[in-house]
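Reading through the structure tokens given below for one structure.
The values are calculated or read from the model by the stated rules, or taken from the named source; none is laboratory data. Quantities reported herein were computed from a predicted structural model and do not represent experimental measurements. Using ideal geometry, Cβ is built from the backbone for each residue, glycine included, and neighbour counts are taken over all protein chains shown. Ligands, DNA and RNA are stripped out before the accessible areas are found, and what is left, the full protein with its side chains, is counted by its heavy atoms. Shrake-Rupley method; radii C 1.70, N 1.55, O 1.52, S 1.80 Å.
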Amino acid sequence: MTVYDNGNDLEQHLPAFLTQTYEPGYEVIVVDESSTDDTDDVLKLMKQQYPHLYTTFLPKPDIHITRKRLAFTIGVKASKNEWIIFSDINSFPQDDNWLQTI
């Protein structure tokens, strides 16, 4: 997922993605689009608790490309698994079987 100034949303909803029951294992990739709030601090704290959380940073580009598209591209390239699911931090799983159901 891509985030920008979503520190509070990450604190509230990211654990729902990180506590899924899925036997093959999975990773959650969050691309920070140069947030100016506490997003980076929240992600650093969560990485300590959840080893399958991978974060990366998108600097402000000088080129004329859609930031969201660039952020998703960076996230896809960072992925190590066969399947990729895109989500928004505010569209979070309602239970820990969401990933298994998909």
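Summary of values
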| quantity | calculated |
| --- | --- |
| About the Cα centre, charge dipole magnitude for the chain (Lys/Arg +1, Asp/Glu -1 at Cβ), debye | 460 |
| Carbon plus sulfur fraction of accessible area for the chain, probe 1.4 Å, in percent | 51 |
| Top positive-direction residue, dipole computed over the chain with Cβ charges, set I74, P15, L45 | I74 |
| Overall form of the stretch 1-88 per C-alpha gyration tensor (a/c, 1.5; a/b vs b/c) | oblate |
| Contour excess over end-to-end distance, with Cα ends at D96 and K47 and 0.36 nm allotted per residue | 15.8 nm |
